[in-house]
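A.B. asks: Quick one: the structure is below, questions incoming.
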Amino acid sequence: MLELIQVDRFFGHFQALKQINLKVEEGEFRGLIGPNGSGKTTLFNVISGVYKASAGQVKFLGQDVTGFTPDKICHAGITRSFQIPRPFREMSVVENVMLGSLFGKGTKNLAPQEPLAEALHWLEFVGLKVDQHTMPGELTAGNLRRLELARALATHPKLLLADEIMSGLNQEEILQASKVLKKIREELKITIIWVEHIMSALMNLVERVTILDYGQIIAEGTPEEVSRNPIVIEAYLGEEETAGHA
Ligand SMILES: Nc1ncnc2c1ncn2[C@@H]1O[C@H](COP(=O)(O)OP(=O)(O)OP(=O)(O)O)[C@@H](O)[C@H]1O
Ligand SMILES: [Mg+2]
């Protein structure tokens, strides 16, 4: 479904991504981990068109999408949630999700009331209870992350790039977020690539894990296989409880 071929990304002289080759199959639930600054968010930015690859190719569903702008990528069926939630603060929570459905895939001929119905549907799907006047500023950290997910789902993606959606959440919220991810996978059949530092949650849910280190993919395997990797042990052992990490 998604294929990256020899992707590089430079910021000035600094190379944030080095010769990334990555294949993700339709329906997969893939974890992407690595130490701080290893290039995980940059990889999402390149896939979602926020940054252009400096070299290499990004292919999605057989189409070369390298250099597509974020709106074109979104229409192709890729959506992402941001590591730091970015709601439009002057719009209500419901309106924020409506924007997702207005900009998303296959929603060109919506009747006027449909974006509202859609928004309410996705808010319910992620378990976020608000009324039509609730503003993003009133939401807890956990609920802001739910809003990110609802907005992303409203675009009707085929591939969801989820960037640290559990960062800053408490134990109970982590469990709830895990359930939402499971539902996205099982009910909506959306392919997911998930960047997360909360290893216990990630290793429980994903089927395969890719490890980035200094901008390079250094290993890939099942959760069991990668949890024996020295870099994973070094980067995450003892960090497990630092759920507030960002
Ligand atoms: N716009 C940018 N300009 C310059 N350098 C950047 C930019 N974006 C990212 N970088 C650098 O690229 C490297 C990778 O950053 P990135 O945000 O992708 O890491 P990450 O793996 O997501 O880390 P974290 O786990 O802390 O979120 C870092 O050294 C970062 O400083
Ligand atoms: Mg990041």
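No value in this document is a laboratory result; all are computed from the given coordinates. These figures come from a predicted structure and were not determined experimentally. Cβ: placed from backbone, ideal geometry, glycine included. Neighbour counts: every protein chain shown.
A.B. asks: Starting with the fewest neighbours, write out Ser101, Ser54 ranked by other beta-carbon atoms found within 10 Å of each beta-carbon.
C.D. replies: Ser54, Ser101
A.B. asks: Shape of region 130-188 from its Cα gyration tensor (a ≥ b ≥ c, root eigenvalues): rounded if a/c is under 1.5, otherwise prolate when a/b > b/c, or oblate?
C.D. replies: oblate
A.B. asks: Which of rounded, prolate or oblate describes region 39-179 when judged by the alpha-carbon gyration tensor and an a/c cut-off of 1.5?
C.D. replies: Judged from the Cα gyration tensor, region 39-179 comes out oblate (a/c at least 1.5, b/c at or above a/b).
A.B. asks: Using alpha carbons only, how many angstrom separate the centre of region 162-181 from the centre of region 199-230?
C.D. replies: 18 Å
A.B. asks: For Lys129 and Lys183, compute 0.36 nm times the residue count separating them, minus their Cα-Cα distance, and round to one decimal in nm.
C.D. replies: In short, 17.7 nm is gained.
A.B. asks: Something else: Assuming R0 = 22 Å, what is the FRET efficiency of Gln57 and His13, from their Cβ-Cβ distance, to the nearest 0.05?
C.D. replies: 0.45
A.B. asks: With 21 Å as the limit, write out which pairs from Lys18/Lys72; Lys18/Lys158; Lys40/Lys129; Lys72/Lys182; Lys72/Lys183; Lys18/Lys40 have Cα-Cα distances beyond it, or answer none.
C.D. replies: Pairs exceeding 21 Å: Lys18/Lys72; Lys18/Lys158; Lys40/Lys129; Lys72/Lys182; Lys72/Lys183.
A.B. asks: Here's another thing I want to ask about it. Placing unit charges on C-beta atoms (Lys and Arg positive, Asp and Glu negative, everything else neutral), compute the dipole magnitude of region 86-181 about its Cα centre in debye, rounded to 20.
C.D. replies: That gives region 86-181 a dipole magnitude of about 320 debye.
A.B. asks: Would you work out the relative contact order for the chain, in percent, from Cα pairs under 8 angstrom that are 6 or more residues apart?
C.D. replies: Dividing the mean separation by the residue count of the chain yields 25 percent.
A.B. asks: For region 47-147, what's the relative contact order in percent, using C-alpha pairs closer than 8 Å and at least 6 residues apart?
C.D. replies: Details: 101 pairs, mean separation 26.2, N = 101.
So the answer I get is 26 percent.
A.B. asks: Further question on the same structure: Sorting Val130, Val209 on the 10 Å Cβ count, fewest up front, what's the list?
C.D. replies: Val130, Val209
A.B. asks: Using the alpha carbons of the chain, what is the convex hull volume per residue in cubic angstrom, as a whole number? Display every interim value, and only then the final one.
C.D. replies: On the way: hull volume 29.5 nm³, N = 246.
Convex hull of Cα atoms, per residue: 120 Å³.
A.B. asks: With each pseudo-label sitting 7 Å past Cα toward Cβ, what's the Val50-Ala117 distance in nm, one decimal?
C.D. replies: If labels sit at Val50 and Ala117, their model points lie 3.3 nm apart.
A.B. asks: Continuing with this model, one more query. Counting other C-beta atoms within 10 Å, which of Val97, Val232, Val50 has the fewest, and how do the rest follow?
C.D. replies: By the 10 Å Cβ count, ascending, the order reads Val50, Val232, Val97.
A.B. asks: For the residue pair Arg89 and Asn204, what label-to-label distance in nm results when each label sits 7 Å from Cα along the Cα-to-beta-carbon direction?
C.D. replies: With each label point 7 Å from Cα toward Cβ, the separation is 3.3 nm.
A.B. asks: Okay, next question. In whole angstrom, how far apart do the alpha carbon centroids of region 69-102 and region 7-36 sit?
C.D. replies: Comparing the Cα centres of region 69-102 and region 7-36, I get a distance of 22 Å.
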